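Please treat every number below as a calculation from the coordinates, not as lab data. Keep in mind that this is a model prediction, so the values were computed, not measured.
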Amino acid sequence: MKMIILGVTLFFSLSLSAQNHYGTIGLNFSHFVEWKKDFYHRRATFSPGGGTMIGYFKEKDKNGKVKARYGFDLDYSTGSARVSSGGLGGNATRILDVKKITLGFNYYPLNFRVTPNFQLNFGARVSARILDFSEGNFTSRQSGLPNTYGQIDGGNRFFDAGILARAALKIPIGKRFYITPESVFLVGLTEAFKNMKSPAGCCSIK
C-alpha cells in the first residue's frame, strides 16, 4: 500500500517587477502529513524541510483588474522521514532524506486587488522533477537471523500538483518598477515517501 503525503509549503519571496513582468526569488518551508495512516506495528515521523526558489511571472490586466497571473519557477525543496515497523520477532527501520529540484508552472485565474498595491491570488501549480538528490537507508532485525542493512534509492514521483494562495504588496521604487514582498501557500499531494513501508530489502522510492 502506498503512503500518500499531504505537503504544505509556504514561500516567502521578493519580486522585482517592471510593468507586468516579475522576477521572483525567495525561501520555502515544507511540512508533510501522512494522509492515509496505518497503525499496525508501524510508526512514521516526518520532519519539516526548507529550500529556495527562483521564478518568472507575468500578469494580464484589463480595465485596471488582474485577469490572470502565470509563470514558471525552479524550486529546491527538502524533507525527511523515519518509518519503523515490527513486533517481538523483529523490526525494520527506514530513513529517507528527500532533496529535489522541480520546475513548476503556476497559474492564478482568481485575482483580487484589495487596494491598488495589495493583491490576493488563487490558483494551482503543476511541477515536474528535474533533479533528485534523495538518499536513505534501511535496517532490518529479525530474531535468530543476522541483521540486514541496505540503501533506499532516490527517485520521487515525477509530477506533483497542488493549489496556491498568494498575498503580495507592491512597493513603488520608481515610475515603472516595484519591489513586491509576497507569501505563497501551496497545498498538494505527493508520493515522495510512498514505498517507505515496503519490507526491508526491496525498497525503492519512486
query = What is the total of Lys pairs in segment 5-190 with C-alpha atoms under 23 Å apart, excluding same-chain pairs fewer than 8 positions apart?
reply = 12
note = Non-local residues with an amide H under 5 Å from the amide H of N117, with H modelled 1.01 Å from N and Pro and chain starts lacking one, are none
message = Can I get the semi-axes of segment 5-190's equivalent ellipsoid? Compute them from the C-alpha gyration tensor as square roots of 5 times the eigenvalues, in angstrom, largest first.
response = 43, 15, 12
